[in-house]
Amino acid sequence: MTETVYDVIVIGSGPAGITAAIYAQRYALKTALIGNSWGGAISKTHVIENYPGFKTASGFDFMQKWRENIEYLGIEEIPDNVTKIEHLDDGRFRVLMDFGTPLIALTIIYALGMEERKMGVPGEEELLGRGVSYCATCDGPFFKGKRIGVIGGSDTAAKEALYLSQLAEKVYMIYRNQEIRPEPINKKRVEANPKIEIIPNTTITSINGTQKVESVTFHTGEKFPLDAVFVEIGADPRSKMAKELGVLINSKNEVIVDEQMHSNIPGFFAAGDVVNRREKQVIVASGHGAIAAFSAYDYVQAKKP
C-alpha cells in the first residue's frame with residue numbers, strides 16, 4: 001500500500017496545532033492535522049477572559065469557533081492518536097497511529113501540549129470517575145449541592161473553584177503552601193466568595209472511599225469529608241515521542257526549540273505548551289503555531305525542485 005505523503009503533519013489539535021494547520025494550509029502546503037482531543041486542555045476551561053476579541057467565553061465555545069476555520073479552509077483532520085514518529089533515511093518522517101494507516105511527511109509540527117499531573121496517592125486511580133476528576137467543566141455538574149475539594153493553588157485551580165462554587169454546597173481549595181497564586185483578579189474573586197474556603201499548608205496523603213469518594217486524609221492524619229476531588233496541581237509536557245525520536249529535551253521535559261520553532265532535527269518543529277517557553281497561554285501557543293508553519297513552509301520550499 002502506498003503511503004500518503006504530506007508537506008506538513010501537525011500532531012496535536014490544541015491552539016498551537018490548530019493555528020499551525022491553518023497557516024500551513026494557507027501557504028498551500030499539503031497538510032494534515034492529527035489529534036484525538038479537539039481544542040486541547042483549554043476546551044475544558046470554564047471561562048476565558050484574556051483573549052482579544054472574546055470578553056468572556058467558555059473553553060468549549062471558544063475552541064468551537066476555531067473549528068470553523070478548519071472547516072472553511074478544508075484542512076484534513078484525522079481524529080486519531082499518534083503512537084510513534086520515525087525519522088526515515090531520506091529525511092522524511094513516518095507517523096504511526098492507533099487506527100489509521102501510516103503517513104509520510106516532509107515536516108512535523110509537534111504540538112501535543114501538556115498532560116495533567118497526578119497526585120500519586122492511594123485512591124486517586126481507583127476512584128477516578130467516581131469522585132476524582134481533572135476537569136471541572138466535564139464532571140462538576142455531577143456534584144451539585146455536594147462538598148468539593150480542589151487540589152492546588154494556581155490560577156486554573158482558582159477558576160475551577162469559582163466555577164464549582166456555582167454548583168456545590170461548599171468548595172475547599174486545598175493547597176500545600178500558605179498563599180494561593182492565581183491572577184490577582186481571580187484571587188480577589190476567590191477570597192470574596194462565601195462558598196469557597198482555602199485550606200493552606202496542607203497536603204493529601206490518600207483519597208478514601210469504596211464505590212465513590214467519601215473523604216481525604218491530610219498529612220496531619222485528619223480525615224476530611226468530601227464528595228469529590230478535582231486535581232489541579234499542574235501539568236507535564238507530552239514530549240515522550242519527540243524524545244524517542246532524538247529531539248533534545250530540557251530538564252523540565254520541554255522540547256528545545258529556537259525562535260523559529262526549529263528543533264535539533266531538520267524538518268521537526270514544535271509549538272505550544274510542550275516547548276521550552278515560560279508562558280503557557282493560548283495566545284502564545286497560537287503564535288508558536290504560526291511561526292512553526294512559516295518555518296515548515298521555508299523548509300519545504302528549500303527541499304522541493
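The values are calculated or read from the model by the stated rules, or taken from the named source; none is laboratory data. Remember, it's a predicted structure, so these values are computed and weren't measured experimentally. FYI the Cβ positions are ideal-geometry reconstructions off the backbone, even for glycines, and counts take in every protein chain you see. In case anyone asks, the SASA skips ligands and DNA or RNA and just uses the protein heavy atoms, side chains included. Shrake-Rupley method; radii C 1.70, N 1.55, O 1.52, S 1.80 Å.
When the chain is treated as a GNM with alpha-carbon contacts under 10 Å, the residue of L88, L33, L164 showing the greatest mean-square fluctuation is L88.
A straight Cα-to-Cα reach below 21 Å connects K303 with the lysines K30, residues fewer than 8 places away in its own chain not being considered.
What does the C-alpha gyration tensor say about the overall shape of the range 210-305? Classify as rounded when a/c is under 1.5, otherwise prolate if a/b is larger than b/c, or oblate. The shape class here is prolate. Show which aspartates and glutamates lie in cross-link reach of K65 when reach means a straight Cα distance below 18 angstrom and same-chain residues fewer than eight apart are skipped. Partners found: E49, E76, E77. Computed in the context of the full set of protein chains, the accessible area of the chain at 1.4 Å probe radius has 51% of its extent on carbon or sulfur.
Of the candidates H262, H288, H219, which one comes out as most mobile in a Gaussian network treatment of the chain with C-alpha springs shorter than 10 Å? Largest GNM mean-square fluctuation: H219. Helix 59-73 and the longest principal axis of the Cα set of the chain meet at an angle near 10°. With just the Cα atoms defining each centre, how far is the range 142-172 from the range 244-305? Give it in Å. Rounded to whole Å, the Cα centres lie 35 Å apart.
Using the Cβ-Cβ distance between K223 and E115 with R0 set to 25 Å, the FRET efficiency from 1/(1 + (r/R0)^6) comes to roughly 0.25.
Phi-derived couplings, Karplus 6.51 cos²θ - 1.76 cosθ + 1.60 at θ = phi - 60°, listed residue by residue for the range 178-193: 6, 10, 5, 10, x, 4, x, 5, 6, 5, 4, 5, 5, 5, 8, 8 Hz, with x used for Gly and Pro. Beta bridges from DSSP with both residues in the range 133-290: antiparallel share about 40 percent, rounded to the nearest 5. Kindly express, to the nearest 10 degrees and within the range 0 to 90, the angle between helix 155-164's C-alpha long axis and the longest C-alpha principal axis of the chain. Taking Cα atoms only, the helix is inclined about 60 degrees. Beyond 20 Å in Cα-Cα separation lie the following of the pairs K159/K195; K118/K146; K44/K159: K118/K146.
Let me know the whole percent of all Cα-Cα pairs from the range 9-63 that are separated by more than 18 Å. Cα-Cα pairs of the range 9-63 separated by over 18 Å account for 38 percent. Surface listing: Y297, Y23 arranged by accessible area from highest to lowest gives Y23, Y297, probe 1.4 Å. Potential lengthening of the chain between T4 and D80 amounts to 25.8 nm, from the contour at 0.36 nm per residue minus the alpha-carbon distance. The slack in the chain from R94 to N208, taken as 0.36 nm per residue of separation less the alpha-carbon distance, amounts to 36.5 nm.
Taking every DSSP helix (H) stretch of at least 4 residues in the chain, weighting each as -39,500 (n - 2.57) and dividing the sum by the residue count yields a mean residue ellipticity at 222 nm of -8000 deg cm²/dmol. One equal scatterer on each Cα of the chain, no solvent, Debye formula: the resulting log10 I(q)/I(0) at q = 0.15, 0.16 Å⁻¹ is -1.11, -1.20.
Build a GNM of the chain with springs between Cα atoms under 10 Å: which of N36, N201, N276 gets the top mean-square fluctuation? Highest fluctuation among the options: N201.
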